[in-house]
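Structure first, then comments.
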Amino acid sequence: MGALDQAFGLIPVSDCETIRSPWSMIRCLLGPDGTQRSPSAPFMRAFLIFLPLLLLVGGLYFWVSRQTPSQGPETALQTGIELEGEPVAPVASEPTPVAPLRELASEPRAEAPAPDNIDLRYPLELDLVLVQPGPKAESAGGEFGAGAKAILRGSVHTDDGTPLPGSVVFIAGANKNRELPCASDGTFLANDLYPGLAIVRIESGRGQISEREVTLGNFGNTELNISFGSRSGARVTGRVQDEFGQPITGARLRVDGQAAISNEEGRFEVYQTTAGKILIVIEADGYARYREELSISRGTVVEPDRLVFQLEREATLDLEVTGISSQSDPVQIYLFPAGGQRVNTQRGQRTFPWYTVNPIEVRPGVTTTVRNLPPGAVTVMGFQSGAIATPLRRNVKLIGGQRTSTKVAFEPGPALLGQATWQGKPAAGARVRLEALDASQASMLALGRRPSFLMEMVVDILPPANQSVVADGAGRFQLTTQPDLQAEYLLFVTSADGKGRAIQRVGGAQLNGELAIELLPVVDGSGSLAIDFPGVGVSFPYRVRVQGKVGEIQTLPLGDTLLVPDLPCGLWRLDASRFQRYATRGQRFWIEDGVQTQQTLRLDEELWKIVR
């Protein structure tokens with residue numbers, strides 16, 4: 001026996017009989033007198049042989065003990081939730097421990113317990129938007145509002161999570177003047193927004209406000225959650241100075257919607273802003289306007305020396321229009337940066353808020369002065385009903401501290417002429433609006449920019465895509481048309497008293513012709529909407545928004561039809577989603593007076609997955 005064997009107390013092989021069974025292994029472990037002795041090398045080899053056998057037997061026993069009838073697949077079948085293609089019908093099984101499910105198969109309206117993979121905590125959100133009011137109209141053309149597919153959702157609440165009865169108002173951008181009211185739980189949602197940058201004002205319903213710049217992506221979800229309260233708010237202080245480092249007194253600031261004025265040292269202070277990426281806009285006499293976004297954490301105190309805004313000398317632009325009668329309505333002038341925008345190189349942000357300038361009203365024969373502009377090249381565009389600017393766009397170079405003049409010339413252009421009558425008489429003072437089917441796309445074409453320009457600056461819908469006029473005393477009106485922008489438009493004419501209306505699609509030769517429009521009485525009729533959900537085998541919560549007005553969360557019993565009454569007549573759009581998962585987008589249907597319109601929604605398995 002070697003020294004190593006002695007050191008570890010191992011016995012020679014000859015001291016243990018050949019191991020052929022577990023019993024011989026035990027005898028090897030025990031001496032002739034039954035006392036335990038140290039394990040030998042043969043025992044160690046035997047142990048390694050029999051260990052896998054013991055593990056195999058134990059694993060087999062564990063597997064057999066776990067084999068009980070599984071309810072998961074059968075439960076999924078009983079709920080009828082659509083997995084692939086059509087809903088799977090309930091299937092009866094042989095007598096097993098899941099007898100209650102067999103009984104459900106023979107009673108179609110009985111409700112199965114929700115499977116483990118179904119989450120009923122969040123409601124199905126049904127959004128109804130009136131796209132086109134009035135009686136049903138047939139058209140082979142494109143869809144009105146086809147480009148409005150961006151989504152904005154979020155909530156307004158206190159810093160302890162209590163929902164607030166607030167609202168979100170678009171104050172600049174393609175969705176200008178659109179308002180989204182909050183539901184009772186503080187949430188808001190819109191599925192039919194034009195894409196691009198937008199400025200929104202969030203109101204708490206208790207006098208608190210916040211202003212943000214949001215990016216609305218086409219087909220994308222944008223989330224905006226605002227918390228009002230002392231714990232989640234921040235105090236922002238800073239300084240405003242000129243390019244030589246001298247303080248600017250009397251600068252007017254909007255910090256997250258809160259007003260402030262700089263003192264003689266150029267300092268300002270805002271005591272309560274909301275947390276997040278806030279928007280700051282500054283204006284001072286003699287200087288170019290300035291904008292910047294600033295990320296603020298909850299409870300932050302921003303010290304003055306950490307936040308310094310430097311303004312540059314303003315450029316001034318004098319505008320005149322020619323070729324337009326002095327009796328005409330004012331011309332709408334828009335200014336855009338020619339080429340790249342001015343950027344703060346240190347912070348990498350756009351510095352000029354063009355939406356605070358546009359549009360500029362210029363009366364024929366009167367010079368209009370525009371101040372607080374940044375130095376650099378700008379593109380000048382003018383719009384007037386019945387006329388067209390020549391050239392369509394003109395570039396002007398602005399110099400800081402200097403005044404520049406330019407004239408915008410007009411000449412008669414392609415026009416849509418019309419006369420509206422109401423109750424057999426000229427519709428004097430009728431309101432007339434001509435809107436492109438995709439106003440966002442038409443605006444970019446008129447501007448001569450690619451669609452991605454909407455993500456570079458805040459741009460309203462331009463007049464070539466949506467223009468309005470008032471008919472004269474004879475009911476006549478004139479609108480500028482640009483068939484190269486879009487082939488088809490929608491014409492809305494409403495009498496001065498609001499009791500007569502006409503809606504007509506115009507395109508082709510009509511865009512450079514004359515129309516006779518007969519207004520019809522506005523029918524205050526309404527119909528209802530009935531929505532079926534085939535294949536859903538459980539009751540589920542839902543909430544309906546009609547024209548932004550939010551209803552309460554309710555539960556739809558198993559097999560019932562969801563009814564939405566008293567919808568005004570017209571073309572409606574339906575979007576159905578649950579926690580940012582969509583069952584349908586842009587589903588359109590007509591509501592007719594006294595008629596119940598039937599729609600069907602299939603809610604597949606993906607929609608009900610558990611939300612973590």
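Residue by residue, here is whether (1) surrounded by 19 or more Cβ atoms within 10 Å (Cβ to Cβ); (2) in a loop (DSSP other than H, G, I, E, B); (3) modelled with pLDDT under 95 holds:
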site	(1), (2), (3)
Ser230	no, yes, yes
Val240	yes, no, no
Glu243	no, yes, yes
Gly250	no, yes, no
Leu253	yes, no, no
Ser295	no, no, yes
Glu320	no, no, no
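Pull out all pairs, ordered by first then second residue, where Cβ-Cβ is under 8 Å, the residues are six or more apart or on different chains, the first lies in the stretch 427-438 and is farther than 19 Å from Gly500 by Cβ, and the second is open to solvent by 30 Å² or more (accessible area, probe 1.4 Å) and part of a loop (DSSP other than H, G, I, E, B).
The qualifying pairs are Leu437/Gly141; Leu437/Gly142; Leu437/Glu143; Leu437/Ala146; Asp438/Gly142; Asp438/Ala146.
Right, Leu152: modelled with pLDDT of 85 or more and either more than 16 Å from the chain's Cα centre (by Cα) or aliphatic (A, V, I, L, M) (or both) or not?
yes
Of all residues in the stretch 207-228, how many are at pLDDT below 90 and in a strand (DSSP E or B)?
Of the residues in that region, 1 qualify.
Restricting to the stretch 155-186, and then to whatever is among the polar types (S, T, N, Q) and within 12 Å of Lys549 (Cα to Cα), can you tell me which residue is least open to solvent (accessible area, probe 1.4 Å)? Break it down stepwise before answering.
Going through the stretch 155-186, the residues among the polar types (S, T, N, Q) turn out to be 155, 158, 162, 167, 175, 177, 184.
Those left that are additionally within 12 Å of Lys549 (Cα to Cα): 167, 184.
On the way: Ser167: 12, Ser184: 75 Å².
Taking the candidates together, the pick is Ser167.
Going by the conditions given, is Ala148 in contact with a helix residue (DSSP H, G or I) (Cβ under 9 Å, 6 or more places away or on another chain), part of a loop (DSSP other than H, G, I, E, B) and open to solvent by less than 40 Å² (accessible area, probe 1.4 Å)?
When the stated conditions are applied, Ala148 passes them.
Please enumerate the residues belonging to the stretch 267-280 that are open to solvent by less than 30 Å² (accessible area, probe 1.4 Å) and either under 19 Å from Thr351 (Cα atoms) or assigned to a strand (DSSP E or B) (or both). Give the steps one after another, and end with the answer.
Of the stretch 267-280, the ones open to solvent by less than 30 Å² (accessible area, probe 1.4 Å) are 268, 270, 273-276, 278-280.
Answer for the stretch 267-280, where residues must be open to solvent by less than 30 Å² (accessible area, probe 1.4 Å) and either under 19 Å from Thr351 (Cα atoms) or assigned to a strand (DSSP E or B) (or both): Phe268, Val270, Thr273, Gly276, Ile278, Leu279, Ile280.
Which one of Leu189, Leu193 is closer than 15 Å to Pro165 by Cα and of a type outside the set (Lys, Arg)?
On the way: Leu193 fails: closer than 15 Å to Pro165 by Cα.
Checking each option against the conditions leaves just Leu189.
Return a yes/no flag: does the stretch 539-557 have any residue that is open to solvent by less than 20 Å² (accessible area, probe 1.4 Å), in a loop (DSSP other than H, G, I, E, B), among the hydrophobic types (A, V, I, L, M, F, W, C) and touching a residue at least 40 places away in the same chain (Cβ under 8 Å).
No, every residue in the stretch 539-557 fails to be open to solvent by less than 20 Å² (accessible area, probe 1.4 Å), in a loop (DSSP other than H, G, I, E, B), among the hydrophobic types (A, V, I, L, M, F, W, C) and touching a residue at least 40 places away in the same chain (Cβ under 8 Å).
Please determine, by comparing only the residues of the stretch 370-385 that are touching a Leu at 6+ places or on another chain (Cβ under 8 Å) and closer than 21 Å to Phe410 by Cβ, which one is most open to solvent (accessible area, probe 1.4 Å).
By that ranking, first place goes to Ser385.
Quick test of your reading of the structure: Thr367 fulfils all but one of (1) within 25 Å of Phe453 (Cα to Cα); (2) modelled with pLDDT of 95 or more; (3) open to solvent by 50 Å² or more (accessible area, probe 1.4 Å). Name the failing condition by number.
If we test Thr367 against (1) within 25 Å of Phe453 (Cα to Cα); (2) modelled with pLDDT of 95 or more; (3) open to solvent by 50 Å² or more (accessible area, probe 1.4 Å), just (1) comes out false.
Select from the stretch 568-612 the residues that are aliphatic (A, V, I, L, M) and surrounded by fewer than 20 Cβ atoms within 10 Å (Cβ to Cβ) and write down the one among them that is nearest to Ser184 (Cα to Cα).
First, pick out the residues of the stretch 568-612 that are aliphatic (A, V, I, L, M): 571, 574, 576, 583, 591, 595, 601, 603, 607, 610-611.
Now drop any that are not surrounded by fewer than 20 Cβ atoms within 10 Å (Cβ to Cβ), which leaves 595, 601, 610-611.
Details: Val595: 31, Leu601: 26, Ile610: 24, Val611: 22 Å.
Selected residue: Val611.
Does Glu243 count as in contact with a strand residue (DSSP E or B) (Cβ under 7 Å, 6 or more places away or on another chain) and within 27 Å of Ser204 (Cβ to Cβ)?
no
Residues checked against (1) free of Cβ contacts under 8 Å to residues at least 40 places away in the same chain; (2) among the polar types (S, T, N, Q); (3) closer than 19 Å to Ile226 by Cβ:
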| position | (1), (2), (3) |
| --- | --- |
| Thr273 | no, yes, yes |
| Gly276 | no, no, yes |
| Gly286 | yes, no, no |
| Arg298 | no, no, yes |
| Glu303 | no, no, no |
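Name every residue in the stretch 344-397 that is over 22 Å from Asn466 (Cα atoms) and among the aromatic types (Phe, Trp, Tyr), in order of residue number.
Phe352
Of (1) of a type in the set (Ser, Thr, Tyr); (2) in contact with a Phe, Trp or Tyr (Cβ under 6 Å, 6 or more places away or on another chain); (3) modelled with pLDDT of 90 or more; (4) open to solvent by 10 Å² or more (accessible area, probe 1.4 Å), Ser204 satisfies all except one. Which?
(4)
The values are calculated or read from the model by the stated rules, or taken from the named source; none is laboratory data. None of the values given here were measured: they were computed from a predicted structure. Positions of Cβ are generated from backbone atoms using ideal geometry, with glycine treated the same way; all protein chains shown enter the neighbour counts. Note: areas computed on protein heavy atoms with side chains; ligands, DNA, RNA excluded. Shrake-Rupley method; radii C 1.70, N 1.55, O 1.52, S 1.80 Å.
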